[in-house]
Amino acid sequence: MKTLILNADSRPLSVVSIKRAVMLDMNNSNITALCYYDRLLLSTSGEIKIPAVMMYSRYIHIPFKRCPSKRAIRFRDGNKCAYCNISLSPEIFTIDHIIPVSRFDNRNKANTWDNLVSCCQKCNLKKGNKTPEEAGMELLNKPRKVDRLFLIDTIPKEWEKYM
């Protein structure tokens, strides 16, 4: 169970643990709970409502981060190799640049959602410093940009009207 945090403009800002949400609800006057889950937490001081959605009263400016994380790429790709579709254990998991880094002016331009895929070590070594076409390999799925905020399996019904 997680809590959705909205910015002052009603756009999703982050997702936090229920422990963090309860602390924010009790101790931060700049954030307000908009709705609660049906479940309660029991504590020594009584029952505590669990916020499902919260909103900041002031706008929070978040700097734009260009490069997706390895975790985000792995989640987006369903923990499967983009070339051979095997399940990736931590021992064989790598990230592949579809167009090699050497073909870009700088590394940051190569680290984009549409140029990074999950890959097993065997396929990554086979592809090397080539494009999939040059290596005689085929991408099984076209990579796509994903909103990092929603790298969770299911969205609770309490969030639906805020999405």
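Odds and ends about this structure:
- Matching helices (runs of 4 or more DSSP H) fully within region 37-141 where at least 1 residues are touching a strand residue (DSSP E or B) at 6+ places or on another chain (Cβ under 7 Å) and in contact (Cβ under 8 Å) with a residue 12 or more places away in the chain: 70-76, 107-110, 121-127
- Qualifying residue in region 79-90 (condition: under 18 Å from residue 135 (Cα atoms), small (Gly, Ala, Ser), buried (at least 17 other Cβ atoms within 10 Å of the Cβ) and over 15 Å from the mean Cα position of the chain (by Cα)): yes
- Count of region 21-36 residues, restricted to those that are without any contact (Cβ under 8 Å) to a residue 12 or more places away in the chain and in contact with a strand residue (DSSP E or B) (Cβ under 7 Å, 6 or more places away or on another chain), is 0.
- Selection status of residue 67, at pLDDT 95 or above and either of a type outside the set (Gly, Ala, Ser) or under 30 Å from residue 121 (Cβ atoms) (or both): no
The values are calculated or read from the model by the stated rules, or taken from the named source; none is laboratory data. Quick caveat, the model's predicted, so the values are computed rather than measured. Quick reminder, even Gly has a Cβ in these numbers, built from the backbone with ideal geometry, and neighbours come from all protein chains shown.
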